[in-house]
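*Asks:* Have a look at the structure that comes next, please.
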Amino acid sequence: MSLPKIIWSKIDEAPALATYSLLPIVNAFTQAAGVSVVTSDISLAGRVLATMGLAEDNLAELGKVVHQPDGNIIKLPNISASVGQLKECIAELQGQGYDIPNYPENPENDEEKALQAKYSTCLGSAVNPVLREGNSDRRG
């Protein structure tokens, strides 16, 4: 039998700052109880990289964990990404050396339409519908 595990969601913006101070405290308590805490990147950047096949799809993996009787996830608040935030994220990732295409806001051909559809999976409340099995999907 494996040791109990808690998955801590790695996210964007202010909640990420809270993680840096709170996670070490949580680790101190859980280690004493023989429970490990691991992080799982479901930030906008992490979701973009996963969508482009450049990182593990942690959100899909967490979607499986929620169905396991022993699944434990600490999901912090995360952004419901807008097109503007997505474009800024893409630019930041490109600046870090990732070879990913720009978001085609006004697609002109089938390839750009497919790329827009691919990126659209990162927009809005992309995380909650997966972890809550759709009961909080507010995307239209």
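*Asks:* Can you name the condition, by its number, that Glu56 falls short on among (1) in contact (Cβ under 8 Å) with a residue 24 or more places away in the chain; (2) touching a helix residue (DSSP H, G or I) at 6+ places or on another chain (Cβ under 8 Å); (3) of a type in the set (D, E, K, R)?
*Replies:* Checking Glu56 against (1) in contact (Cβ under 8 Å) with a residue 24 or more places away in the chain; (2) touching a helix residue (DSSP H, G or I) at 6+ places or on another chain (Cβ under 8 Å); (3) of a type in the set (D, E, K, R), the one that fails is (1).
*Asks:* Looking at this structure, is Leu23 over 16 Å from the mean Cα position of the chain (by Cα), at pLDDT below 95, surrounded by 14 or more Cβ atoms within 10 Å (Cβ to Cβ) and closer than 25 Å to Cys122 by Cβ?
*Replies:* Values: over 16 Å from the mean Cα position of the chain (by Cα): yes; at pLDDT below 95: yes; surrounded by 14 or more Cβ atoms within 10 Å (Cβ to Cβ): yes; closer than 25 Å to Cys122 by Cβ: yes.
Yes: the conditions hold for Leu23.
*Asks:* While we're on this one: Taking the condition in contact with a helix residue (DSSP H, G or I) (Cβ under 7 Å, 6 or more places away or on another chain) and either of a type in the set (S, T, N, Q) or at pLDDT below 95 (or both), does Asn135 pass?
*Replies:* Values: in contact with a helix residue (DSSP H, G or I) (Cβ under 7 Å, 6 or more places away or on another chain): no; either of a type in the set (S, T, N, Q) or at pLDDT below 95 (or both): yes.
Judged against the criteria, Asn135 is not a match.
*Asks:* I need the full set of residues from the range 39-78 which are of a type in the set (A, V, I, L, M) and more than 19 Å from Pro129 (Cβ to Cβ), in order please. Break it down stepwise before answering.
*Replies:* Filtering the range 39-78 for residues of a type in the set (A, V, I, L, M) gives 42, 44-45, 48-50, 52, 54-55, 59-60, 62, 65-66, 73-74, 76.
Once the filter is applied, which keeps residues that are of a type in the set (A, V, I, L, M) and more than 19 Å from Pro129 (Cβ to Cβ), the range 39-78 yields Ala45, Leu49, Met52, Leu54, Ala55.
*Asks:* Taking the range 43-53, which residues are crowded, with 17+ Cβ neighbours inside 10 Å and free of Cβ contacts under 8 Å to residues at least 40 places away in the same chain?
*Replies:* Just the residues of the range 43-53 that are crowded, with 17+ Cβ neighbours inside 10 Å, to begin with: 43-52.
Across the range 43-53, the qualifying residues are Ser43, Gly46, Ala50.
*Asks:* For the range 28-80, how many residues are of a type in the set (A, V, I, L, M, F, W, C), within 30 Å of Asn102 (Cα to Cα) and touching a Gly at 6+ places or on another chain (Cβ under 7 Å)?
*Replies:* Taking the range 28-80 first, the residues of a type in the set (A, V, I, L, M, F, W, C) are 28-29, 32-33, 35, 37-38, 42, 44-45, 48-50, 52, 54-55, 59-60, 62, 65-66, 73-74, 76, 79.
The next check asks that each one be within 30 Å of Asn102 (Cα to Cα); those that pass are 42, 44-45, 48-50, 52, 54-55, 59-60, 62, 76, 79.
Filter once more, keeping what is touching a Gly at 6+ places or on another chain (Cβ under 7 Å): 55.
The number of residues fulfilling the criteria is 1.
*Asks:* Filter the range 102-123 down to the residues that are free of Cβ contacts under 8 Å to residues at least 40 places away in the same chain and within 17 Å of Leu49 (Cβ to Cβ), then identify the one that is nearest to the chain's Cα centre (by Cα). It would help to see each step written out before you state the result.
*Replies:* From the range 102-123, those free of Cβ contacts under 8 Å to residues at least 40 places away in the same chain are 102-117, 120; that's our starting set.
Applying the additional criterion that residues be within 17 Å of Leu49 (Cβ to Cβ) yields 102-103, 115, 120.
Details: Asn102: 19, Tyr103: 18, Leu115: 19, Ser120: 14 Å.
Result: Ser120.
*Asks:* Can we say Ser80 is under 15 Å from Asp12 (Cα atoms), out of contact with any Leu (no Cβ under 7 Å at 6 or more places or on another chain), at pLDDT below 95 and among the small types (Gly, Ala, Ser)? It would help to see each step written out before you state the result.
*Replies:* Working: under 15 Å from Asp12 (Cα atoms): yes; out of contact with any Leu (no Cβ under 7 Å at 6 or more places or on another chain): yes; at pLDDT below 95: yes; among the small types (Gly, Ala, Ser): yes.
For Ser80, the condition - under 15 Å from Asp12 (Cα atoms), out of contact with any Leu (no Cβ under 7 Å at 6 or more places or on another chain), at pLDDT below 95 and among the small types (Gly, Ala, Ser) - is met.
*Asks:* Being outside any loop (DSSP other than H, G, I, E, B) and polar (S, T, N, Q) is the filter; apply it to the range 54-108 and report the residue that is surrounded by the most Cβ atoms within 10 Å (Cβ to Cβ). If you could, list the steps in order and put the result at the bottom.
*Replies:* The first filter runs over the range 54-108 and keeps only residues outside any loop (DSSP other than H, G, I, E, B), leaving 58-65, 73-74, 81, 83-95.
Of the ones still in play, those that are also polar (S, T, N, Q) are 58, 85, 94.
Values: Asn58: 21, Gln85: 16, Gln94: 13.
Checking each candidate, the answer is Asn58.
*Asks:* So Ala126 fits all but one of (1) closer than 16 Å to Ala16 by Cβ; (2) at pLDDT below 95; (3) buried (at least 18 other Cβ atoms within 10 Å of the Cβ); what number is the exception?
*Replies:* (1)
The values are calculated or read from the model by the stated rules, or taken from the named source; none is laboratory data. Since the structure is predicted, the reported quantities are computational estimates derived from the model, not experimental observations. Neighbour counts run over all protein chains shown; Cβ positions are idealised from the backbone, glycine included.
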